[in-house]
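Trainee: Sharing a structure with you now.
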Amino acid sequence: MKKLKSILETIHKKNPGENEFIQAVSEVFETISPLLNDDDAWLDQRIPERMAEPERVISFKVTWVNDQNQVQVNRGFRVQMNSALGPYKGGLRFHPSTNLSILKFLAFEQTFKNSLTGLPLGAGKGGADFDPKGKSENEVMRFCQAWMQEAYKYLGHFIDIPAGDIGVGEREIGYLFGAYKKITNRFEGVLTGKGLDYGGSFLRPEATGYGLVHFAQNMLESINEALEDKVCLVSGAGNVSQFAIEKLLEEGAKVVAFSDSSGFIHDKEGLDEEKLAFLKNLKNIKREGIEGYAKKYKSAKFHKGSNKSIWEIDADCAFPCATQNEVDEKHIEAMIKNKLILLAEGANMPLTQKAIDAIQASKILYGPGKAANAGGVAISGLEMTQNRMGRQWSKLEMEQELRIMMRNIHTHCIDSIRQYDLKEGDYLTGANIYGFKKVGKAMIAQGVV
Ligand code: NDP
């Protein structure tokens, strides 16, 4: 579509050097022509341009003192992307590579993901270029307090509700929450992913990984397949990966590989409950690299360096759960050769555009992150509801809710595929169209604001 091409060119010019952001916007806009062709209002109202422009971008200085009494200077951010469906909602990333391009891509993706959950959630993303690795407990606490000292002005349980992402887990959320409470004198559900004793929800830590596996099950069911006995690769070894592995094992799959920033592990015999507990202890308590796993288990080999060639291992299903652009077109070629059946994204935008083009042209079932990893934000949405009600629902209730929400997201994708006569199994276009349409309709209804 000519008009869309020129819109993308303008967005490109307006956001120089923001490669990840441009990549995420292009990925969505290049798929939605079937919807835009249906009604002139989308372009007359300039919905694509309005969606690609954050409502507000906050960038701020975070100064704190390390254990050696040296002053440290970091950069903090919050991107408030879109509030058409509800208050801004999306995670915080603490990683040295964090910059505006990455956070804008994540916030943009979040718009469609949150729309797919069916919950009243707008979209945002934030964080800092702070590296929690190698920092003492007190340093992490002081950094979180310093971040919140500025960010609290822009947050609130009906305004903007951050959660975790890379480098931000329950520990960091606890320190951020404590700082918000101290500064504002308000005990409110301003963050999700809190500890169970102070407003957290059952199943929030598990939700992204478990939800990913539920989504994959739905995809496999649609081709009369199941996860049982499938050989699986899971990249990363953090929150999403650990719980994806846990659920895969519960469903009878065989997980033979995982990774972190130091390299990857190939365990030919596969993980079991005990090995997973060892991995969790290594990453969450000792906060060490995964090499220790291969020292403990003889069936495992550690491959030092990039985690990338994990994708060359022969398998049935692949779950990239580490970071953006971790899978390129050469990896997809290897997967095609190995007759991989399914790839579902736990991470946000783990495939490069060329990898997406290659997988879309192949027979591999491809579950895009904005649908497949939406379980985390969906349960976060329910944590917000519980906080507003002053209640805590049981683990069983949350498990049922997660299964239902992931099934509904799958159904939304399939409905769009049918309605717009898309290629069978084109979850990417289905998810993009569903997410865009709902947010766009709400924007039009709310006028030019
Ligand atoms: P964590 O920080 O818990 O874990 C990230 C994992 O990925 C770590 O094992 C890390 O290794 C590894 N990793 C990071 N960068 C690289 C890299 N360049 N190469 C290899 N491994 C790498 O983060 P999460 O599990 O929360 O997030 C993982 C992904 O899932 C991200 O893309 C995030 O945006 C996405 N996501 C997360 C959600 C959530 O609820 N947490 C929700 C939806 C999506 P190391 O330990 O060595 O640093």
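Trainee: Taking only the Cα atoms of the stretch 207-367, how large is their convex hull per residue, in Å³?
Mentor: For the stretch 207-367, the hull spanned by Cα atoms encloses 94 Å³ per residue.
Trainee: Next up: Of all accessible surface on the chain at a 1.4 Å probe, what whole percent is carbon and sulfur? Can you show the working numbers first?
Mentor: Working: 9110 of 18870 Å².
Ligands and nucleic acids excluded, carbon and sulfur reach 48 percent.
Trainee: Hey, another quick one. Dipole size in debye (nearest 20) for the stretch 119-188 around its Cα centre, Lys and Arg Cβ +1, Asp and Glu Cβ -1?
Mentor: Details: 9 positive and 10 negative charges, 43 e Å.
Computed about the Cα centre, the dipole is about 200 debye.
Trainee: Which trypsin sites (Lys or Arg not before Pro) from the stretch 246-336 combine a DSSP loop assignment with at most 13 other Cβ atoms within 10 Å?
Mentor: Counting only loop positions with at most 13 other Cβ atoms within 10 Å, the trypsin sites (Lys or Arg not before Pro) in the stretch 246-336 are Lys268, Lys286, Arg287, Lys298.
Trainee: Starting from the alpha-carbon convex hull of the stretch 1-89, give the projected area averaged over all orientations, in nm².
Mentor: So the mean shadow area of the Cα hull is 8.0 nm².
Trainee: Find the centroid of the Cα atoms in the stretch 253-320 and in the stretch 7-58, then give the distance between the two in whole Å.
Mentor: Here the two parts' Cα centres lie 38 Å apart.
Trainee: Let me ask something else. Extension gain Leu196-Glu53, at 0.36 nm per residue separation less the Cα-Cα distance, in nm? Numbers along the way, then the final one.
Mentor: Details: separation 143, 0.36 × 143 = 51.48 nm, distance 3.59 nm.
Gain in length upon complete extension: 47.9 nm.
Trainee: Sticking with this structure for a sec: Scan the stretch 364-435 for GluC sites (Glu not before Pro) in coil per DSSP, keeping those whose Cβ has at most 12 other Cβ atoms within 10 Å, and list them by number. Write out the running numbers ahead of the final one.
Mentor: Values: sites: Glu383, Glu397, Glu399, Glu401, Glu424; in loops: Glu424.
Loop-located and lightly packed - Glu424.
Trainee: Assuming R0 = 45 Å, can you tell me the calculated FRET efficiency for the pair Val448 and Ile336, based on Cβ-Cβ distance, to the nearest 0.05?
Mentor: Once the sixth-power term is evaluated, E becomes 0.45.
Trainee: Related question: Go ahead and set up a Gaussian network model of the chain, Cα springs under 10 Å, then flag whichever of Gly381, Gly178, Gly238 fluctuates most.
Mentor: Looking only at Gly381, Gly178, Gly238, the biggest GNM fluctuation is shown by Gly178.
Trainee: Please label the shape of the chain as rounded, prolate or oblate, based on the square roots a ≥ b ≥ c of the eigenvalues of the alpha-carbon gyration tensor (a/c under 1.5 means rounded; beyond that, a/b larger than b/c means prolate, else oblate).
Mentor: Working: a/c = 1.43, a/b = 1.01, b/c = 1.41.
In terms of gyration-tensor shape, rounded.
Trainee: Could you give the nm distance between label points at Phe60 and Glu170, where each point is 7 Å from its Cα heading toward the beta carbon?
Mentor: Distance between label points: 2.8 nm.
Trainee: Determine, from the Cβ-Cβ distance of Ser136 and Glu273 and an R0 of 22 Å, the FRET efficiency 1/(1 + (r/R0)^6), rounded to the nearest 0.05.
Mentor: Once rounded, the FRET efficiency stands at 0.10.
Trainee: With a 1.4 Å probe and every protein chain left in place, work out the accessible area per residue of the stretch 212-322 in Å², rounded to a whole number.
Mentor: Roughly 43 Å² per residue, with all protein chains present.
Trainee: Efficiency by 1/(1 + (r/R0)^6): what FRET value for Gln419 and Asn19, r their Cβ-Cβ distance, R0 = 41 Å, to the nearest 0.05? Walk me through the numbers on the way to the answer.
Mentor: Values: r = 33 Å, r/R0 = 0.80.
Once the sixth-power term is evaluated, E becomes 0.80.
Trainee: Nearest 20 debye, what's the magnitude of the dipole of the chain about its Cα centre given +1 on Lys and Arg Cβ and -1 on Asp and Glu Cβ?
Mentor: Working: 57 positive and 58 negative charges, 235 e Å.
Dipole of the chain, to the nearest 20 debye: 1140 debye.
Trainee: How many nm separate the modelled label positions at Arg407 and Asp38, each set 7 Å beyond the Cα in the direction of the Cβ?
Mentor: Here the answer is 2.5 nm between the modelled labels.
Trainee: With all protein chains present and a 1.4 Å probe, how do Lys437, Lys153 order by accessible area, largest first? Each step should come with its number before you reach the end.
Mentor: Working: Lys437 55, Lys153 110 Å².
I get Lys153, Lys437, largest accessible area first.
Trainee: Here's something else I'd like to know. Going down the table (Lys135/Lys230; Lys370/Lys423; Lys295/Lys330; Lys370/Lys395; Lys295/Lys339), which pairs top 28 Å between alpha carbons?
Mentor: Beyond 28 Å between Cα atoms: Lys135/Lys230; Lys295/Lys330; Lys295/Lys339.
Trainee: Report, ordered by chain and residue number, the aspartates and glutamates lying within cross-link reach of Lys296, taken as a straight Cα distance under 12 Å and ignoring same-chain residues fewer than 8 apart.
Mentor: Result set, ordered by chain and number: Asp267, Glu274.
Trainee: Now for a separate question. Would you mind checking which residues have amide H under 5 Å from Gly195's amide H? H placed 1.01 Å from N; only 5 or more apart, or other chain.
Mentor: Gly200
Trainee: Relative to the Cα centre, what is the charge dipole magnitude of the stretch 2-188, using +1 at the beta carbon of each Lys and Arg, -1 at the beta carbon of each Asp and Glu, and rounding to the nearest 20 debye?
Mentor: For this selection, approximately 480 debye.
Trainee: Right, next: Which of these, Leu119, Leu43, Leu351, has the largest mean-square fluctuation under a Gaussian network model of the chain (Cα springs below 10 Å)?
Mentor: For the chain, modelled as a Gaussian network with Cα springs under 10 Å, the answer is Leu43.
Trainee: Sticking with this one: Which of Val73, Val28, Val213 moves most in a GNM of the chain, Cα contacts under 10 Å?
Mentor: Result: Val73 has the largest fluctuation of those listed.
The values are calculated or read from the model by the stated rules, or taken from the named source; none is laboratory data. The structure displayed is predicted, hence computed values, not measured ones. Counting neighbours? That spans all protein chains shown, and the Cβs are built from the backbone with ideal geometry, glycine included. Areas reflect the complete protein model, heavy atoms only, side chains present, ligands, DNA and RNA absent. Shrake-Rupley method; radii C 1.70, N 1.55, O 1.52, S 1.80 Å.
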